[in-house]
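Asks: Before we start, here is the structure in question, set down as structure tokens.
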Amino acid sequence: KSLKQPCKNKELCLEPGGVASMDAFLLYFFPTVYEKKQGASESNYCKFSDQLLQAFTSSLYIAGLISTFAASQTTQKLGRRPTMIISACFYIVGVVLTTLSQNLIMLMLGRIILGCGVGFGNQVYVLVSVFYVNIVLFLSI
């Protein structure tokens, strides 16, 4: 049996995962999605569709993509270490805000700040990994 089965009802189609598939989370932040999920007769991979839930899911990735451009300038001007410290600060603030969120706006803002931490962290990681690849290539010659 395939894990991903096509949806029969296109109106109720989303592949939830992680916290987005937890009933308590959906009931608190996305009650309409929770109601749709309870009435759905689909598989675990095809239950519901909601634009706010999809925005919640993708907000981290979009923020990470956009913040990478700022992170490249920061890395170029300040170096890797300050950029990693900025990334860690974004992570800490994002985790605290997401953990303490009382409404959807706080939750989304926390995810966006976490995304900025991802963007800054990825910028430095790429530089460090390219550095190590160059060393390995140099030593292998």
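Asks: Just the residues that are surrounded by 14 or more Cβ atoms within 10 Å (Cβ to Cβ) and in a helix (DSSP H, G or I), please, taken from segment 91-105.
Replies: TYR91, VAL93, GLY94, VAL95, LEU97, THR98, LEU104
Asks: Now, a different point. Looking only at segment 60-90, count how many residues are within 15 Å of the chain's Cα centre (by Cα) and open to solvent by 70 Å² or more (accessible area, probe 1.4 Å).
Replies: Selection size over segment 60-90: 4.
Asks: Determine the pairs where a residue that is at pLDDT 90 or above and among the β-branched types (Val, Ile, Thr), located within segment 98-124, has a partner that is open to solvent by 30 Å² or more (accessible area, probe 1.4 Å) and assigned to a helix (DSSP H, G or I) with Cβ atoms under 6 Å apart, the partner being 6 or more residues away or on another chain.
Replies: ILE113/PHE90; ILE113/VAL93
Asks: Sticking with this one: If I go through segment 78-111 residue by residue, how many of them are more than 17 Å from ALA55 (Cβ to Cβ) and of a type outside the set (S, T, N, Q)?
Replies: The number of residues fulfilling the criteria is 17.
The values are calculated or read from the model by the stated rules, or taken from the named source; none is laboratory data. None of the values given here were measured: they were computed from a predicted structure. Virtual Cβ from ideal backbone geometry, glycine too; neighbours counted across all protein chains shown. Only protein heavy atoms, including side chains, enter the accessible area calculation; ligands, DNA and RNA are left aside. Shrake-Rupley method; radii C 1.70, N 1.55, O 1.52, S 1.80 Å.
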